[in-house]
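Beneath this line is the structure, given in structure tokens, with notes to follow.
The values are calculated or read from the model by the stated rules, or taken from the named source; none is laboratory data. This is a predicted model, so every value here is computed, not measured. When the accessible area is computed, the model is the full protein with side chains, heavy atoms only, and any ligands, DNA or RNA have been set aside. Shrake-Rupley method; radii C 1.70, N 1.55, O 1.52, S 1.80 Å.
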Amino acid sequence: SNYSYKCEKFYGERWASVGDAMSFLDPVFSSGVHIGLYSAKLISKNILHSLMDENILLNSANNIVDYNNEILKGVSRFNSLLQMFYGPNFIERITTLEKKPKTMSSMISAVAGGVWDDNNTLFRMGIL
């Protein structure tokens with residue numbers, strides 16, 4: 001069964017959701033802890049910025065982090081990993097990746113939570 005969900009909006013003027021409150025992908029893959037901690041880290045920058053200037057709201061364009069886009073980037077990359085993992089040709093795809101330089105270390109990095117790393121070979125090459 002597919003238990004995943006994603007809220008349409010992750011934050012507003014004076015509120016933000018983090019972790020499983022905004023997106024849940026898979027209980028087996030265990031991406032939730034990482035997404036929860038990383039989303040809290042990201043939105044905390046905007047919260048601090050907003051607290052220093054009352055004219056800047058959490059969803060202001062001039063805030064530090066584009067929270068929705070940053071979170072969506074990581075969540076969609078985690079989801080791509082999940083789709084590959086549960087897909088019918090997972091073993092073949094991993095075997096193919098294994099033969100290419102740097103792709104296995106990039107896969108390990110992505111699975112370990114490096115889905116926000118734009119320098120990851122798998123994301124740069126469009127594999128995930």
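For segment 37-68 and segment 102-128, what is the separation of their Cα centres, given in Å?
One Cα centre to the other: 27 Å.
Using a probe radius of 1.4 Å on heavy atoms only, what accessible surface per residue do you get for the chain? Whole Å² is fine.
Spelled out: the 1.4 Å probe surface of the chain, per residue, equals 60 Å².
Which of GLU13, GLU98, GLU54 moves the most in a Gaussian network model of the chain with Cα springs under 10 Å?
Taking springs between Cα atoms under 10 Å, the residue moving most is GLU54.
Ordering TYR3, TYR86 from largest to smallest accessible area (1.4 angstrom probe), what's the sequence? Don't jump to the answer; show the numbers that get you there.
Details: TYR3 145, TYR86 120 Å².
Reading off the accessible areas and sorting them downward yields TYR3, TYR86.
Using a 1.4 angstrom probe and counting only protein chains, how large is the accessible area of PHE85 in Å², to 10?
Accessible area of PHE85: about 90 Å².
Over segment 1-114, what is the relative contact order in percent, taking alpha-carbon pairs closer than 8 angstrom and at least six residues apart?
Values: 100 pairs, mean separation 26.3, N = 114.
Averaging sequence separation for qualifying contacts and normalising by length gives 23 percent for segment 1-114.
Taking only the alpha-carbon positions of segment 1-51 and ignoring solvent, what does the Debye formula give for the base-10 log of I(q)/I(0) at q = 0.19 Å⁻¹?
Log-scaled intensity ratios, in q order: -0.64.
Using the alpha-carbon atoms, what tilt in degrees (0 to 90, nearest 10) does helix 67-86 show relative to the longest principal axis of the chain?
With both axes taken from Cα atoms, the answer is about 20 degrees.
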